[in-house]
Amino acid sequence: MEYIEIGQIVNTQGLKGEVKVMPFTDDINRFDDLKKIYVEINSNKELLNIEKVRYVKNMVILKFKGKDRIEDIEKYKGKYIFIDETDKLDLPEDTFYISDLIGLDVIDNSNNNSIGKIVDIFSTGSNDVYVVKSEDGKEILLPAIKQVINNIDLINKKVIVNLIEGLL
């Protein structure tokens, strides 16, 4: 079974078994449609059925079935949450799951040379930033904007980029 990371439990919420989740999605309301998630505990995925979802600011508050006390959910603090790949939503054109982009080769459009591989992605608020690690271990930060990202080819596992002045 393949899993997709969709957030991190950052804290407990109250005393009645709720957790506060930092979502790793552009569409925070996608949690409304989830019936279950998985939490990684000691390299194993533990299934948790969702009883209730609510939102506070930009965070998701989840309540799990059978977890009614703070003591039942404290062990999940700091843990990442996953969904089964079959539960992922179809995305609009030119939108990708982070898990699909990690590991892709980044190719310079001007000379067809490899720059490195995407090892991480973070959001700045205005756009995402791709963290690319070169073969010599250097990290390059590439803004995920149209002027830089030319093409994302998931089939051939590569991203074609235009390196505008000042990026390297």
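Mind running the shape call on the chain? Use the C-alpha gyration tensor, a ≥ b ≥ c as the square roots of the eigenvalues: rounded below 1.5 for a/c, prolate if a/b tops b/c, oblate otherwise. Prolate, because a/c is 1.5 or more and a/b exceeds b/c.
Computed with a 1.4 Å probe over protein heavy atoms only, the accessible surface of the range 48-91 comes to 61 Å² per residue. For the range 1-45 and the range 50-64, write down the distance between their C-alpha centroids in whole Å. The two parts, judged by their Cα centres, are 9 Å apart. Taking N49, N151, N113 as the candidate residues, the one with maximal mean-square fluctuation in a Gaussian network model of the chain, Cα springs under 10 Å, is N113.
Dipole of the range 9-168 (Lys/Arg Cβ +1, Asp/Glu Cβ -1, origin at the Cα centre): which of Q147, V131, Y38 lies farthest to the positive side? It is Y38, whose Cα lies furthest towards the positive end. Comparing Y80, Y38, Y55 in a Gaussian network model of the chain where C-alpha atoms under 10 Å apart are linked, the largest mean-square fluctuation is found at Y55. Each Cα pair under 8 Å and six or more residues apart adds its separation to the average, and for the chain the resulting relative contact order is 18 percent.
Expressed as a whole percent, the accessible surface of the chain that belongs to carbon and sulfur atoms is 45, based on a 1.4 Å probe. Mean separation of Cα pairs under 8 Å and 6 or more residues apart, divided by the residue count, gives the range 101-150 a relative contact order of 25 percent. Pick from I145, I81, I155: which is most flexible by mean-square fluctuation in a GNM of the chain where alpha carbon atoms under 10 Å apart are linked? Comparing I145, I81, I155 in the GNM, the peak value goes to I155. Determine, from the Cβ-Cβ distance of L163 and T95 and an R0 of 30 Å, the FRET efficiency 1/(1 + (r/R0)^6), rounded to the nearest 0.05. For L163 and T95, the calculated efficiency is 0.80.
The values are calculated or read from the model by the stated rules, or taken from the named source; none is laboratory data. Bear in mind that the values here come from a model prediction, so they are computed numbers and not experimental data. Because the Cβ atoms are built from the backbone with ideal geometry, glycine has one as well, and the counts that use them run over all protein chains shown. Each accessible area value is taken on the protein alone, full model and side chains, heavy atoms only, with ligands, DNA and RNA left out. Shrake-Rupley method; radii C 1.70, N 1.55, O 1.52, S 1.80 Å.
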